[in-house]
Amino acid sequence: MKTVCTLITTLMLGGLAAGPALADSDAPPRASKQESIGIGGGLVVGALAAGPVGAILGAATGALLGDRMHRDQVAMTGLESALAEAQTREGHLDARVAALRDELGVRERMLRDLEQTTARIGETVQFSVPFRTSEASLPPEVVNRLARLGRVLVELGDVEIQVEGHADARGEERVNLALSAARAETVRAVLLDAGLAGEQVQTIAHGSAEARAAADDPDGLAFDRRVDIRLVLDPTTGRFARRD
């Protein structure tokens, strides 16, 4: 019974002694759960080990240990929260990277499709200008249409344009060659007036070398008397060739 009374008295004195000491420390006014456990545990251990003095020392030591445990718990919680946020941000970044890769893949496929389309256009689209028999001049309405075409070609930028003159198979080849060259120069002049640079537009005279119509085929002969306008393609890329 005396031992129990002594233990109760010691616990009361220890509590009174530890209170002011804790009030002067940096701990928050209200003790944490860990700190309370530390104080209580320290009192009991101190009382059993060394009586009133031991209880006081035990309470103070338990309070310090409990406060340290509380701070470690708060720090641990903060680190866990920061880790969770970092993992969330990492997940968002991974999703963004995946989305960018998908977008890049789409753009690469679009570029390949555009290059293939450009190659097909360059291979299949040809602008032809008809001419009358033995003439290298053009009527005003044809000149106007050709000028509009030239302004469209200007919008393509610094591309290379090839102008090829032709003649039908009638007459001497020397005359046909000169006539096809004059026709190509007529078309070139209209294109330059529309805004194309002189270095962009090259002329070739074929004469009657590529004529296909017979002398008694008036429709075929009309087709042979022409100038073809072609956009030059770069054979390595399939894109429109440009001047260096």
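Computed from the coordinates by the stated procedures, all read-outs in this text should not be read as laboratory data. What you see is a predicted model, and the numbers here were worked out from it, not measured in a lab. Ideal geometry is used to build each Cβ from the backbone, glycine not excepted, and the neighbour counts take in all protein chains shown.
Once both labels are positioned 7 Å from their Cα atoms along Cα-to-Cβ, the gap between Asp94 and Glu173 label points is 7.4 nm. Take 189-199, 132-142 and order them by the average number of nearby Cβ atoms within 10 Å per residue, most first; the result is 189-199, 132-142.
DSSP beta bridges fully contained in the stretch 126-231 are about 65 percent antiparallel.
The local environment of Pro218, defined by Cβ-Cβ distances under 15 Å, has a net charge of 0 under the rule Lys, Arg +1 and Asp, Glu -1. Calculated FRET efficiency, Thr77 to Leu104, Cβ-Cβ distance, R0 = 35 Å: about 0.30 to the nearest 0.05.
Hey, can you rank 203-209, 98-104, 224-230 by average C-beta count inside 10 Å, highest first?
The densest-packed peptide leads the list: 224-230, 203-209, 98-104.
Per-residue Cβ neighbour counts within 10 Å put Phe131, Phe223 in the sequence Phe223, Phe131, beginning with the fewest. Which one of Asn144, Thr203, Val175 has its Cα pushed farthest toward the positive end of the charge dipole of the stretch 126-231, where Lys and Arg give +1 and Asp and Glu give -1 at the Cβ? Of Asn144, Thr203, Val175, it is Asn144.
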